[in-house]
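Read through the structure below, which is laid out as C-alpha cells, and then see the notes.
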C-alpha cells in the first residue's frame, strides 16, 4: 500500500506539476498586480482628494462586501452575457484576485502611510520635494516596514484563494488532485500532498516576514 | 528699500474660526524678528503660511517681490528660499545625517554632489557635529537632532529661516547649543523669523519683537522697549507671567519650626 501510494504520487507528478504551475502562475501574477495596484491605491487615498476618495471607497467596499467567488462568476459568466466580452478563465482569475488583492494591500499601505507622523510630510515639503519625491524618498520607505508583515499575510491569502479558480474551469493543482482521486480513490494521499504543497509555498513567506520584522526592529 | 517679506491685511481661517486677523508685518532682508505671544495666538500659523504648509485666505503676502496668494505660486520654488525648522525636528529616521541634509540639494536643486557634500560638511562642522555625518537620527540627542535639522534647511541656501518653537521639546541643557547656532546665523546677517518662549533669548537676538494675541499683532517694538516698557496691558500681563517664577515669595522659616 505504502509503496503503491508513493508510486501513484510518482507517476502523477507530471500531471500535478502542470496544475501546480497554473496555481503558482495565477498566484504570483495576482500578487505582483496587487502590490503595484495596492501602492497606487494607498498613495491616492492619502492625497486628500474628495472625489478620488469616494471612487476608491466604492471600489474597496465592493471587494470587501462581495465574495471573491461571486466576482469570478460575475466576470467569467456575466461579461459574455451582458457585454459579449469573454476572458479566458486563467486571466479572469488573475484579474479578480488582483483587484481583490489590491484593495487589501491598498488598505495596508494607506494605514501605514497614515500612521507616519505628520511632521515627516511637512519636513519633506519644506525642503521643496514634489509629491512623487516625497512619497518615493520619505514616506513609502518608512511605511514599508510597517506594511510588510500584513502585506505578506495578504499574499498567502491570495495563494490560498487562487484555488477558487477551479470553479470557473481553471485546471489548477487542486483540480488535478481531484481528477486523480476520482480515478484512484486515494483521497488521503492526494489531499496530504496538496496540504504539503500549500504549506511549503505559504510558510516560507510567513517566515520571511518574521525575519524582516526582526531585522528592522534592530535597525 | 523694499521688504523681503510683507504681510498686508492678511487673514487665515480654520473652518469658521479666523486665526489670523488683518496681519500687517514687513521684514527687511537681514532682520531678526522674534514673534511672542500666548499659545494659540496664531504665531506658528503665521510662519506656516510663509512656506505654504497652511493656505492663506485673503489679504496679501509678498516674498522677494512675489505675491504668494496668487494661485500660480510655485510653492516648491518658494520653499527652497524659505527654510523651516520645527519643534520636533522631523529628521527622516531612515536616512543617515548626511542623506538627510543632502536630499534637498541633490534631488530638488539637482546640485553637483561633490559641491553639495562639501557645503554639508562645512555646515556640520559649524554646528559641531562633523563626527555624526554617518549616524542615524535615533542615535542622536534632541539637541543634536535639532542642529542637524537646522543644517538640513541651511544647506538649501534659503533667503530666510523660520524657527517654530525649536527649543520647546528639548531638555534645558540642550537648549543652549541650539540657541547658539541660531545666534550665529543672526550675527552673519541671515534673515530670521523666530517663534519662541525663551524670553531671554528673544531679548538677546531680536532686532524687533512682535507681540501677538488672538490672531492679531498687538505690538511691535525693539526688544529693549518691549521688555522694559510694553505698550499694551496684554503684553504686560504676558511678561509678568514669565517673571512669575523668579518673583515667587520664599518659604518662611517659621514653617520649619512647627
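Computed values, structure above
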| read-out | value |
| --- | --- |
| Test: residue in region B:90-98 that is modelled with pLDDT of 95 or more, in a loop (DSSP other than H, G, I, E, B), under 19 Å from the mean Cα position of the chain (by Cα) and crowded, with 16+ Cβ neighbours inside 10 Å | yes |
| Lone unmet requirement of (1) within 19 Å of the chain's Cα centre (by Cα); (2) more than 7 Å from chain A (Cβ to nearest Cβ); (3) surrounded by fewer than 24 Cβ atoms within 10 Å (Cβ to Cβ); (4) under 21 Å from residue A:118 (Cα atoms) for residue B:63 | (4) |
| Wholly enclosed strands (runs of 3 or more DSSP E) of region B:174-242 bearing at least 2 residues free of Cβ contacts under 8 Å to residues at least 24 places away in the same chain | B:216-221 |
| Number of the exception - residue B:118 against (1) closer than 26 Å to residue B:176 by Cβ; (2) modelled with pLDDT of 95 or more; (3) more than 10 Å from every other protein chain (Cβ to nearest Cβ) | (1) |
| Single unsatisfied condition, residue A:119 versus (1) within 14 Å of chain B (Cβ to nearest Cβ); (2) touching a helix residue (DSSP H, G or I) at 6+ places or on another chain (Cβ under 8 Å) | (2) |
| Of the criteria (1) touching a helix residue (DSSP H, G or I) at 6+ places or on another chain (Cβ under 9 Å); (2) within 14 Å of another protein chain (Cβ to nearest Cβ); (3) part of a loop (DSSP other than H, G, I, E, B), which one residue B:170 fails | (2) |
| Region A:138-149, subset facing chain B (nearest Cβ under 7 Å) and touching a helix residue (DSSP H, G or I) at 6+ places or on another chain (Cβ under 9 Å), residue nearest to residue B:87 (Cα to Cα) | A:138 |
| Breaking point among (1) within 14 Å of chain B (Cβ to nearest Cβ); (2) closer than 15 Å to residue A:47 by Cβ, for residue A:106 | (1) |
| Filtered residue count, region B:13-51, keeping only those that are more than 19 Å from residue B:209 (Cβ to Cβ), touching a residue at least 60 places away in the same chain (Cβ under 8 Å) and not in a loop (DSSP other than H, G, I, E, B) | 5 |
| Residue among B:109, B:145, B:77 that is closer than 19 Å to residue B:160 by Cα and either touching a residue at least 12 places away in the same chain (Cβ under 8 Å) or crowded, with 18+ Cβ neighbours inside 10 Å (or both) | B:109 |
| Residues of region B:14-54 that turn out to be more than 14 Å from chain A (Cβ to nearest Cβ), closer than 21 Å to residue B:87 by Cβ and touching a helix residue (DSSP H, G or I) at 6+ places or on another chain (Cβ under 9 Å), as a count | 9 |
| Qualifying positions in region B:66-89 - more than 7 Å from chain A (Cβ to nearest Cβ) and either touching a helix residue (DSSP H, G or I) at 6+ places or on another chain (Cβ under 9 Å) or part of a strand (DSSP E or B) (or both) | B:66, B:67, B:68, B:75, B:78, B:82, B:83, B:85, B:87, B:89 |
| Which numbered condition residue B:177 fails, given (1) modelled with pLDDT under 95; (2) more than 14 Å from chain A (Cβ to nearest Cβ); (3) under 22 Å from residue B:53 (Cα atoms) | (3) |
| Lone qualifier among A:135, A:59 - being within 13 Å of chain B (Cβ to nearest Cβ) and at pLDDT 95 or above | A:135 |
| Search result, residues across region B:138-167 that are within 12 Å of chain A (Cβ to nearest Cβ), over 13 Å from the mean Cα position of the chain (by Cα) and over 22 Å from residue B:117 (Cβ atoms) | B:138 |
| So residue B:134, is it over 16 Å from residue B:47 (Cβ atoms) and modelled with pLDDT of 95 or more | yes |
| Verdict on residue A:93 being at pLDDT 95 or above and within 24 Å of residue B:92 (Cα to Cα) | no |
| Qualifying residue in region A:150-170 (condition: facing chain B (nearest Cβ under 10 Å) and surrounded by fewer than 21 Cβ atoms within 10 Å (Cβ to Cβ)) | no |
| Criterion (surrounded by 21 or more Cβ atoms within 10 Å (Cβ to Cβ) and outside any helix (DSSP H, G or I)) met by exactly one of A:124, A:128, A:106, A:101 | A:128 |
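The values are calculated or read from the model by the stated rules, or taken from the named source; none is laboratory data. Note that the coordinates shown come from a computational prediction; the quantities given were computed from them, not determined experimentally. Heads up, the Cβs are rebuilt from the backbone with ideal geometry, glycines too, and the neighbour counts pull from every protein chain shown.
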